1. Which residues, counting only those in region 179-213, are in contact with a Ser or Thr (Cβ under 6 Å, 6 or more places away or on another chain) and more than 24 Å from Thr143 (Cβ to Cβ)?
2. Scan region 17-35 for residues that are under 13 Å from Tyr316 (Cβ atoms) and open to solvent by less than 10 Å² (accessible area, probe 1.4 Å) and report the count.
3. Could you list, ordered by first residue, the pairs with Cβ atoms under 6 Å in which the first is in region 305-331 and within 22 Å of Val18 (Cβ to Cβ) and the second is outside any helix (DSSP H, G or I), at least 6 apart or interchain?
4. Would you be able to say whether some residue in region 60-74 is of a type in the set (S, T, N, Q), over 21 Å from Gln220 (Cβ atoms) and touching a Leu at 6+ places or on another chain (Cβ under 9 Å)?
5. Can you pull out every residue in region 305-345 that is aromatic (Phe, Trp, Tyr), open to solvent by 30 Å² or more (accessible area, probe 1.4 Å) and under 15 Å from Leu357 (Cα atoms)?
6. Looking only at region 315-337, count every residue that is of a type in the set (Ser, Thr, Tyr) and part of a loop (DSSP other than H, G, I, E, B) and tell me the total.
7. Hey, any hits in region 69-81 for a residue that's more than 20 Å from the chain's Cα centre (by Cα) and surrounded by fewer than 23 Cβ atoms within 10 Å (Cβ to Cβ)?
8. If I filter region 281-295 for residues that are over 30 Å from Leu108 (Cβ atoms) and not in a helix (DSSP H, G or I), do I get at least one hit?
Amino acid sequence: MQTAPNHRLISLDMMRGVIILVMALDHASGLIARGKRAPEMWATLFPVYGSDAAAFLVRAVTHIAAPGFFFLMGAGMALFEDARAREGWSDRKIAVHFVLRGGILIVLQFLVENPAWNLGAGPTDTVYVGVLYALGAGMIAGTLLLRVPQRWLILFSAALVITTDFFLPAPQAGFSGLGPVRMLLQTPGYAQLGNGGIWVLYPVLPWLGVVGLGIAFGRQLRHGRMEAIRAALPLGLLMFATFIVLRWGDAYGNIRPRQQGWIGFFNLVKYPPSLTFLLATMGLNLVLLALLQRAERLRKALQPLAVFGTVPLFFYISHLYLYALLGLWLAPDGMPLATMIPVWLFGLLLLYPLCSLYGRLKHRYPLLRYL
């Protein structure tokens with residue numbers, strides 16, 4: 001997700017930094033407070049918060065993270081393609097680069113990320129398929145989307161986002177009948193495999209639409225950066241307003257009927273990402289991007305966000321192990337959310353110098369840019 005070093009958009013790095021921080025809050029909640037509820041699934045499982053607004057808000061504020069990562073990855077692919085083409089890279093060399101990076105992400109999912117979850121939650125015979133798999137597979141598939149003209153790219157990507165609800169099985173069936181291939185491609189769920197199982201939260205196709213829209217946005221950035229970012233604010237507000245309308249109607253695009261109260265209104269299906277989930281979260285992400293671009297006077301104060309945002313994969317792997325170890329050390333049986341917040345902040349303070357150092361090493365050793 002890099003452009004040429006002298007042409008980085010700092011607002012994109014800062015946006016990535018924000019979503020990294022809120023993602024870390026969610027993972028600290030699960031690994032330290034151990035307050036993780038059921039995932040927001042299309043069937044079977046769904047979190048119920050009752051009147052526990054604090055627990056819901058800690059979870060809800062983090063929902064911008066996954067869509068933000070996929071969108072920014074797509075934008076970064078478009079910007080990287082443009083920068084390397086100017087340096088004389090062929091289409092084939094660019095495609096090989098993305099396929100290699102995508103493959104590395106998939107390998108890291110199973111060899112590096114999953115052991116971190118097992119460290120925090122205990123060993124399991126279930127193979128977890130999470131966000132690194134979907135990002136890697138999305139990057140590999142995204143090499144094909146880079147060849148699609150802009151108009152058709154937007155239409156195809158929007159169709160993937162809009163039709164997610166349509167292709168789901170009946171919720172009453174639960175996960176029965178789901179095979180590993182279908183789960184890896186389209187429908188999250190669990191399937192028994194031998195003496196263990198496979199637990200997929202991030203199939204590639206529902207998220208590929210977000211990658212495609214990110215590529216389309218990246219192309220707009222290439223043609224006029226400030227114009228594209230200025231357009232992010234009204235587009236984000238329009239998306240959020242559309243979310244309100246669709247959620248109020250409680251029909252197509254919600255996947256599951258909404259629950260009672262304001263918590264029920266904003267408690268959305270994430271696995272796979274419902275249309276309302278993506279409209280709300282991507283609307284907020286685009287508003288965030290526009291506001292960060294306008295925060296020129298605060299650029300120096302916001303620099304730590306850019307430091308985190310330039311090394312997202314390093315931060316991701318490091319923070320999982322750090323919070324898993326802090327959880328085992330400080331609270332093997334969990335702790336209240338209010339107590340967990342300072343531990344989350346302490347973890348960020350520990351990670352900041354490491355991320356800063358790794359960012360400098362990435363510029364010195366190009367091989368590290370694959371990570």
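1. Listed by number, the residues that qualify are Gly196, Gly197, Trp199.
2. So the answer is 4.
3. Leu313/Leu371
4. Yes: one or more hits.
5. Phe314
6. So the count comes out to 0.
7. Step one: of region 69-81, the residues more than 20 Å from the chain's Cα centre (by Cα) are 81.
Imposing the further condition that a residue be surrounded by fewer than 23 Cβ atoms within 10 Å (Cβ to Cβ) reduces the set to none.
No, region 69-81 contains no residue that is more than 20 Å from the chain's Cα centre (by Cα) and surrounded by fewer than 23 Cβ atoms within 10 Å (Cβ to Cβ).
8. yes
The values are calculated or read from the model by the stated rules, or taken from the named source; none is laboratory data. For clarity, every value in this text was computed on a predicted model and none was experimentally measured. Glycine gets a Cβ as well: all are built from the backbone with ideal geometry, and neighbour counts include every protein chain shown. For the accessible areas, the whole protein counts, side chains as well, though only heavy atoms, and no ligand, DNA or RNA atoms are used. Shrake-Rupley method; radii C 1.70, N 1.55, O 1.52, S 1.80 Å.
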